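The values are calculated or read from the model by the stated rules, or taken from the named source; none is laboratory data. Everything numeric in this text was worked out from a predicted model, so none of it was measured. Because the Cβ atoms are built from the backbone with ideal geometry, glycine has one as well, and the counts that use them run over all protein chains shown.
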């Protein structure tokens, strides 16, 4: 049985101070089926709370308003980290961001190592923004600054 923590450890907390590809898992508001989406505007506000932002048009918002139970899959510290908790809206619109983003906090209930026995992540998943690199960097800075103020 895997050890279960109720807060982020130091290594995972440090990794979540940087932009990090994360999978957000919710329960679909209409079908009741599990769903997964990739997000990157996420950071650890504290060892007990993870904060992220989503475009207001995202279906995930309605999912979490109907059922706040979520899980996050985070590839960091040579493993697959599973963070479970309850999502709540911090604000429906982040200030100083050029489009409407809803900001959520996840109150962490459990943190588990989700990697199968006898293995480790040797290379974390990477991604690149496919639109104007300068515009992407500017937007990311605006979003993270606004999330930290919210």
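Assigned to a helix (DSSP H, G or I), within 14 Å of residue 43 (Cβ to Cβ) and within 15 Å of the chain's Cα centre (by Cα) - does that describe any residue in segment 103-116?
Restricting attention to segment 103-116, the residues satisfying the condition of being assigned to a helix (DSSP H, G or I) are none.
No, every residue in segment 103-116 fails to be assigned to a helix (DSSP H, G or I), within 14 Å of residue 43 (Cβ to Cβ) and within 15 Å of the chain's Cα centre (by Cα).
Kindly evaluate residue 140 against the criterion of being surrounded by 10 or more Cβ atoms within 10 Å (Cβ to Cβ), touching a helix residue (DSSP H, G or I) at 6+ places or on another chain (Cβ under 9 Å) and not in a strand (DSSP E or B). Talk me through it step by step, then tell me what you get.
Working: surrounded by 10 or more Cβ atoms within 10 Å (Cβ to Cβ): yes; touching a helix residue (DSSP H, G or I) at 6+ places or on another chain (Cβ under 9 Å): no; not in a strand (DSSP E or B): yes.
No: the conditions fail for residue 140.
Does segment 39-46 include one or more residues that are under 20 Å from residue 145 (Cα atoms), in a helix (DSSP H, G or I) and either modelled with pLDDT of 95 or more or in contact with a strand residue (DSSP E or B) (Cβ under 6 Å, 6 or more places away or on another chain) (or both)?
Step one: filter segment 39-46 for residues under 20 Å from residue 145 (Cα atoms), giving 39-46.
Filter once more, so that each one left must be in a helix (DSSP H, G or I): none.
No: segment 39-46 contains no residue that is under 20 Å from residue 145 (Cα atoms), in a helix (DSSP H, G or I) and either modelled with pLDDT of 95 or more or in contact with a strand residue (DSSP E or B) (Cβ under 6 Å, 6 or more places away or on another chain) (or both).
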Given (1) assigned to a loop (DSSP other than H, G, I, E, B); (2) exposed (fewer than 15 other Cβ atoms within 10 Å of the Cβ); (3) modelled with pLDDT of 95 or more, residue 18 misses just (3)
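Can you find even one residue in segment 68-78 that is in a loop (DSSP other than H, G, I, E, B) and touching a residue at least 24 places away in the same chain (Cβ under 8 Å)? Before the answer, list the steps.
First, pick out the residues of segment 68-78 that are in a loop (DSSP other than H, G, I, E, B): 68, 77-78.
Imposing the further condition that a residue be touching a residue at least 24 places away in the same chain (Cβ under 8 Å) reduces the set to 77-78.
Looking for residues that are in a loop (DSSP other than H, G, I, E, B) and touching a residue at least 24 places away in the same chain (Cβ under 8 Å), one finds at least one in segment 68-78, hence yes.
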Looking only at segment 120-147, count how many residues are without any contact (Cβ under 8 Å) to a residue 24 or more places away in the chain, over 17 Å from the mean Cα position of the chain (by Cα) and within 19 Å of residue 21 (Cβ to Cβ). 8
